[in-house]
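Written out below as structure tokens is the structure these notes cover.
The values are calculated or read from the model by the stated rules, or taken from the named source; none is laboratory data. Here the structure is a predicted model, which is why all the values come from computation and not from measurement. Cβ atoms come from the backbone with ideal geometry, glycine included; neighbour counts cover every protein chain shown. With ligands, DNA and RNA removed, areas are computed over all heavy atoms of the protein, side chains included. Shrake-Rupley method; radii C 1.70, N 1.55, O 1.52, S 1.80 Å.
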Amino acid sequence: MRKLLGLAMTFLVLSHCAAIAQNGRVAGKVTDQDNVALPGVSILISGTSQGTVTDADGNYVINAPGSGNLVFSFIGYTSQTVAIGNRSTIDLQMVQESKSLGELVVVGYGTQKKTDVTGALSVVSTKEFSQQPITRLDQVLQGRVAGVQVTQANGAPGGDSRVRVRGANSVLGNNDPLYVIDGFVGANYNLLNPNDIESLQVLKDAASTSIYGSRGANGVVIITTKKGAKGIKVSYEGQGSVSNVIKKFDILPAGEFAEIVNARALATGSNPPFTSEQIEEYKRTGGTDWQDLIYRTGSGQQHQATISGGNEKTSFLVSGNYVNQRGIVENTGFKRYIIRTNLSTQVNKNLALKFNISGARTNNHNTGGGGPLIEALQWAPTTPAYGADGQPTFADPIGSVSRSPIDQLYDKSYDEARWNINAIGGLTYQLPIRGLSLDLQYAINYLDLDNRNFTGKRLSNNNPNANRYASDQVTLQNTNSLNYTTTFGDHSINAVAVLETQQFTDRNFTATANGLRFPQLGYDNIGGNAAATVSSGYSKWTLLSLLGRVNYAFKDKYLLTAAIRRDGSSKFSEDNRNSVFPSIAVGWRLSEEQFIKNLNVFSNLKLRGSWGITGSQAINPYATLSPYNSTQVAFNNTGVTAGVIQGNQGNRNLKWETTKQTDVGLEMEFLNGRIRLEADYFHKRTTDLLLNVALPNYAGGGTQTRNVGEIENKGFEFSLGGSPVETGKFSWETNLNLATLKNQVVSLGGLPRLGAGTGAGGGMSITNEFMLMPGQSLGSYWGLNYLGTFKPNQADIAALQGRVPGDPRYQDVNGDNAITTDDFQIVGRAFPRMTGGWNNTFTYAGLTLNVFFQGAFGLDKLNYTRAGAMSGSGEARQFLLTEIRDYYRPGNEDSDIPAFTKTYQPFTQSSRFIEDGSFVRLKNISLSYNVPTSIFRDKATVRVFASATNVLTITNYSGPDPESSNVGSNTDTAMGIDRGSYPNAKVYTVGITLGF
């Protein structure tokens, strides 16, 4: 027994000695890369909750096992695990974390660290556009995100833009991305003040967008607006600008124009309309430059005021914005007023409340382009602008058969006014379970549209008319979400579950009046009329959504995201009302693997891949039903009788368009995040494409919407950015992005082709300008292939078609010696094959220079403006552009500009007027200076700046602007036509920013 007790005592003593040896004292100092002490660094014994922090001098002391590990962590620095190895002193120099590694991004119904994101997501920093005179969100996105194509199709102030994320997926539906502002889904970006943006993310792949289900197929743009901070801050920014047209067409001087007209008359056996005396007088006086009469020097002003503040619990922000722009075309302009208030408060440690409200008023005046820009290229320079009575010349005896550009400017008015109010309220409550919170949000959006149109006596052939359209749209949204976050060991989980509802209603009213008795009152008194029609409408649809997402990370290097959403839409019949949209994504942070760390090259290296399904409700709320339409008919000359007629047949079998997308991406960072490179490959295929299919007459005729087609989009995206130079007072930040896109119609449900027209040709098109065909992209031009002019050695071939050498020659596809629509083929494509942008910011002391390039490549444009001025037929009648100087004639038989012959028959819908629309544009260059704050005793900041927009455009396109187009953003089957489209302008801006 004594021996046993002695052995036990010996064991206890040895164990106690071992324990003392195991938990030895470890001390040391922690510094940064510049050997500056770091206070507050957390030091934990790995695998336990035991630890300490460094003191004010960076020193620490801890009792730890000699065989254990210490984990050092500090905000803004890379965490490090160090083996103790029985050492008593361990000093450590911590490495500053890459700027992007700890960056939080909004991913839809939550946030994530950028390094943990497994989907294709791009962040646009406010620093990238803060040096530029931005007035709209599309200007923020343009050229700054790989895979996002922004086209300023209408260059007028407040004009329409086309925004596409990774191509276009739908024929009938709108291909605009979904905009989410402060959690409100389906927001109108035109009514957002860019100065209010705090953060902006673009979700591109299905793993990121499937959380928005049936509305995420076209990508998602998530915006969070600014909030107040502790203290009071007041800021003001004011700017003024002047603008001019980028380029004008080269028009023949009046004298030379008259000579060309005479030469053509003689060649075709007509009497020359101009005498030699008249020609000499035109050469002396110069005639009329119609372009100078419709274009002017535009001007603009923008004012922005913000006051924000708060304390430890409550913050507020109030901002106001005013924009007033006079367009570069006479009698055009745009005004906008926006006010916003954001409030938030932390009631207690568990409950937080927020309330955001914004209001906007916009007014567009005659910003559509068209008439005056077309007629300025068709009215003869020999025709005076005004008659002896001081009134605009009513008719052109030589050139256009339409009314003059002056009448097109001033004898009509189109005003589009919008009122928008958006209110969002919500709360976040931390539930008793650790890491679990409840978020409730309610939103209402009210949009009032008021469109007013008037055409006077001169343009309407003495039938003045007006139209009024009003629409009240209300959207209600309720979003309820549970968020759970936990970490245990090497595992971390973030999960969200959401129940969301939306309801949209629209009530509209239209009144049209002809034969106005008091046309001087315009659209404000349409009651006095000779004939009027009135109509009204109502529509409503609802959406009920359930969704969930789980983000899982193991050791912060193996990442998994899985999401699923179930949408139910009232637009579809009961059998097809609901659909499920799943997605999955994985990521591998290779930079956390030891074999990559040993390379000492990457500060971040991540490989990721994703797959998912999104959808589209590309139908109106009642497309499944067969409607009855109102009509008016006459019986036995007894007058007009109102009645109803059956419309297009509904289809109760309609279902969602479905887009499946696969994405593979690689993210790299070097030099501690100073250089960043990201590359992606994506492949999208949309099935059950909704198309309007023609029905035979025995089945009722008309069209019926069906799910029959497929579209494919695929391409590569690259972005390179960072801060290559940071030395002393000088720094250079740069961001370059490029993206390729191949858009292709895969199937039309057995149809060989399907036409799409625009009406933009003004009579120059003899059939649809665009054609959908399997194997071709959306926006494919349909026309004749122009082969130049018939040459002298081709006289026999020309004669078979009733032509002579010098006449235009087109490819006779079917060989029947007749040029008809049977010879039409694909002659170009409006979709760009590549887009890109390059933003550079150079800073030296208080000076900042920003240089921003943007471009699009591999696209064609149908230049109908040029065609009208060079066809010498139809509405225009004569040739006006200087290129006619090279027309085919004896001694100039190599020319492909047709001769003046009696057999001349042009087709403007041909490849002759298809031009390369590729361009590179110096989108903005700006210089700013921050006045030293010491001048104001550090109580104020002052910044002055000057900028120039669109000052340099490199392109082969002959028109004023390769970006502008007649076709708006609502369609991708027909785009890229330039028929008097409103061009973008060169803009010169100066301004000042004040802060207190």
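Summary table
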{"quantity": "Test: residue in segment 829-842 that is touching a Gly at 6+ places or on another chain (Cβ under 8 Å), among the aromatic types (Phe, Trp, Tyr) and modelled with pLDDT under 95", "calculated": "yes"}
{"quantity": "Residues that are in contact (Cβ under 8 Å) with a residue 40 or more places away in the chain and either open to solvent by 60 Å² or more (accessible area, probe 1.4 Å) or part of a helix (DSSP H, G or I) (or both), drawn from segment 284-296", "calculated": "289, 290, 291, 293, 294"}
{"quantity": "Qualifying position, being among the polar types (S, T, N, Q) and open to solvent by 40 Å² or more (accessible area, probe 1.4 Å), among 485, 510", "calculated": "485"}
{"quantity": "Answer residue from segment 829-848, given it is part of a loop (DSSP other than H, G, I, E, B) and farther than 21 Å from residue 143 by Cβ and is most open to solvent (accessible area, probe 1.4 Å) among those", "calculated": "845"}
{"quantity": "Residue check for residue 444: under 30 Å from residue 354 (Cβ atoms), assigned to a loop (DSSP other than H, G, I, E, B) and either of a type outside the set (A, V, I, L, M) or in the same structural domain as residue 379 (by the TED database) (or both)", "calculated": "no"}
{"quantity": "In segment 156-187, the residues that are aliphatic (A, V, I, L, M), assigned to a strand (DSSP E or B) and either in the same structural domain as residue 692 (by the TED database) or open to solvent by 10 Å² or more (accessible area, probe 1.4 Å) (or both)", "calculated": "178, 181"}
{"quantity": "Filter pass, residue 467 being assigned to a strand (DSSP E or B) and either among the aliphatic types (A, V, I, L, M) or farther than 30 Å from residue 339 by Cα (or both)", "calculated": "yes"}
{"quantity": "Failed condition for residue 771, given (1) touching a strand residue (DSSP E or B) at 6+ places or on another chain (Cβ under 9 Å); (2) aliphatic (A, V, I, L, M); (3) part of a helix (DSSP H, G or I)", "calculated": "(3)"}
{"quantity": "Qualifying positions in segment 960-996 - open to solvent by less than 30 Å² (accessible area, probe 1.4 Å), assigned to a loop (DSSP other than H, G, I, E, B) and of a type in the set (Ser, Thr, Tyr)", "calculated": "964, 965, 969, 973, 981, 982"}
{"quantity": "Members of segment 428-439 that are assigned to a strand (DSSP E or B) and open to solvent by less than 40 Å² (accessible area, probe 1.4 Å)", "calculated": "436, 437"}
{"quantity": "Subset of segment 847-872 [farther than 21 Å from residue 785 by Cβ and small (Gly, Ala, Ser)]", "calculated": "855, 856, 869"}
{"quantity": "Residues of segment 777-828 satisfying the condition of being assigned to a loop (DSSP other than H, G, I, E, B) and closer than 21 Å to residue 890 by Cβ", "calculated": "790, 791, 803, 804, 805, 806, 807"}
{"quantity": "Leading residue by the ranking (farthest from residue 627 (Cα to Cα)) among those in segment 531-564 that are among the basic types (Lys, Arg) and in contact with an Asp or Glu (Cβ under 9 Å, 6 or more places away or on another chain)", "calculated": "555"}
{"quantity": "The one condition in (1) outside any helix (DSSP H, G or I); (2) open to solvent by 30 Å² or more (accessible area, probe 1.4 Å) that residue 935 fails to fulfil", "calculated": "(1)"}
{"quantity": "Residue within segment 504-526 that is assigned by the TED database to the domain that holds residue 485, acidic (Asp, Glu), under 30 Å from residue 480 (Cβ atoms) and outside any loop (DSSP other than H, G, I, E, B) present", "calculated": "yes"}
{"quantity": "Odd one out for residue 791, checked against (1) more than 30 Å from residue 971 (Cβ to Cβ); (2) surrounded by 15 or more Cβ atoms within 10 Å (Cβ to Cβ); (3) touching a strand residue (DSSP E or B) at 6+ places or on another chain (Cβ under 7 Å)", "calculated": "(3)"}
{"quantity": "Test: residue in segment 228-244 that is under 26 Å from residue 876 (Cα atoms), of a type outside the set (Lys, Arg), within 29 Å of the chain's Cα centre (by Cα) and assigned by the TED database to the domain that holds residue 380", "calculated": "no"}
{"quantity": "Selection count, segment 342-364, where residues are open to solvent by 50 Å² or more (accessible area, probe 1.4 Å) and within 16 Å of residue 135 (Cβ to Cβ)", "calculated": "1"}
{"quantity": "Of all residues in segment 410-427 being over 24 Å from the mean Cα position of the chain (by Cα) and among the aromatic types (Phe, Trp, Tyr), the one that is most open to solvent (accessible area, probe 1.4 Å)", "calculated": "410"}
{"quantity": "Residue in segment 567-580 that is assigned by the TED database to the domain that holds residue 660, part of a loop (DSSP other than H, G, I, E, B) and of a type in the set (Val, Ile, Thr) present", "calculated": "no"}
{"quantity": "Odd one out for residue 284 among (1) under 18 Å from residue 880 (Cα atoms); (2) modelled with pLDDT under 95", "calculated": "(1)"}
{"quantity": "Residue in segment 908-917 that is closer than 30 Å to residue 974 by Cα, among the aromatic types (Phe, Trp, Tyr) and open to solvent by less than 10 Å² (accessible area, probe 1.4 Å) present", "calculated": "yes"}
{"quantity": "Test: residue in segment 188-196 that is in a strand (DSSP E or B) and surrounded by 24 or more Cβ atoms within 10 Å (Cβ to Cβ)", "calculated": "no"}
{"quantity": "Cβ pairs under 6 Å, 6+ apart, first in segment 218-235 and open to solvent by less than 10 Å² (accessible area, probe 1.4 Å), second of a type in the set (Lys, Arg)", "calculated": "219/204"}
{"quantity": "Among (1) buried (at least 17 other Cβ atoms within 10 Å of the Cβ); (2) assigned to a strand (DSSP E or B), the one test that residue 591 misses", "calculated": "(2)"}
{"quantity": "Where residue 150 falls short, out of the listed (1) free of Cβ contacts under 8 Å to residues at least 24 places away in the same chain; (2) under 30 Å from residue 992 (Cα atoms); (3) open to solvent by 20 Å² or more (accessible area, probe 1.4 Å)", "calculated": "(3)"}
{"quantity": "Search result, residues across segment 949-959 that are in a strand (DSSP E or B) and surrounded by fewer than 18 Cβ atoms within 10 Å (Cβ to Cβ)", "calculated": "951, 952, 954"}
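Residue-wise test of (1) touching a residue at least 12 places away in the same chain (Cβ under 8 Å); (2) open to solvent by 60 Å² or more (accessible area, probe 1.4 Å); (3) outside the structural domain of residue 982 (by the TED database).
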residue: 268; (1), (2), (3): yes, no, yes
residue: 282; (1), (2), (3): yes, no, yes
residue: 298; (1), (2), (3): yes, no, no
residue: 308; (1), (2), (3): yes, no, no
residue: 311; (1), (2), (3): yes, yes, no
residue: 327; (1), (2), (3): yes, no, no
residue: 332; (1), (2), (3): yes, no, no
residue: 336; (1), (2), (3): yes, no, no
residue: 340; (1), (2), (3): yes, no, no
